[in-house]
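Below is one structure; the comments refer to it alone.
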Amino acid sequence: LRGSVSSKVDEDKDSIEGTVGAGGALVPYAPAHEFGLNGALGVKAHLRTIKQAFGRPISPVQVNIKAHSRNVRFRELRFMRDSLDIVAKIVPKNIDAAIERGIAGG
């Protein structure tokens, strides 16, 4: 997730706008981590190796598992919003200080 965080600053003559994002096509699970997930999640068809049947050991056998859904309750892991809340308290003070320095110096 850390590598998927991106930022962009757009400037024009009247404003400066910053955008921070994470996830995208490379990290589709980012929203589930940030906001949590409580619902059905699709599971693709896959192979499973079973080593026991009815509680007794057997020779390993691969079996096909069909695609299905499962219910998921995943708590939120606020990796972006908490950081942005902290930055939101610091940035205006820094901007005000820079403006004051600019006014005093010019």
Legend entry - Highest-fluctuation residue, R48, R81, R73 considered, GNM on the chain with Cα pairs under 10 Å: R48
Legend entry - Label-point separation, H68 to V43 (7 Å along Cα→Cβ), nm: 0.6 nm
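Can you give the FRET efficiency for V20 and A97, using 1/(1 + (r/R0)^6), R0 = 25 Å, r = Cβ-Cβ distance, to the nearest 0.05?
0.70
How much length would be gained if the chain were fully extended between V27 and L84, taking 0.36 nm per residue of separation minus their Cα-Cα distance, in nm to one decimal?
18.6 nm
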Legend entry - Student exercise, the chain dipole from Lys, Arg, Asp, Glu Cβ charges, in Debye to nearest 20: 1240 debye
Inset, instruction - Could you tell me how many degrees, from 0 to 90 and to the nearest 10, lie between the Cα long axis of helix 81-105 and the main elongation axis, the longest principal axis, of the Cα atoms of the chain? - result: 20 degrees
Inset, instruction - Work from the charge dipole of the stretch 18-106 (Cβ charges, +1 for Lys and Arg, -1 for Asp and Glu, about the Cα centre) and give the residue of N38, A98, G55 farthest towards its positive end. - result: G55
Inset, instruction - Would you mind telling me which residue in G39, G21, G55 has the biggest mean-square fluctuation in a Gaussian network model of the chain, where springs connect alpha carbons within a distance under 10 angstrom? - result: G55
Legend entry - Distribution of pairwise C-alpha distances over the chain, 10 Å bins, in %: 11, 23, 23, 18, 11, 7, 5, 2, 0
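No lab work stands behind these numbers, since they all come straight from the coordinates. Owing to the predicted nature of the structure, the values given are computational and were not obtained by experimental measurement. Positions of Cβ are backbone-derived with ideal geometry, glycine not excepted, and every protein chain shown enters the neighbour counts.
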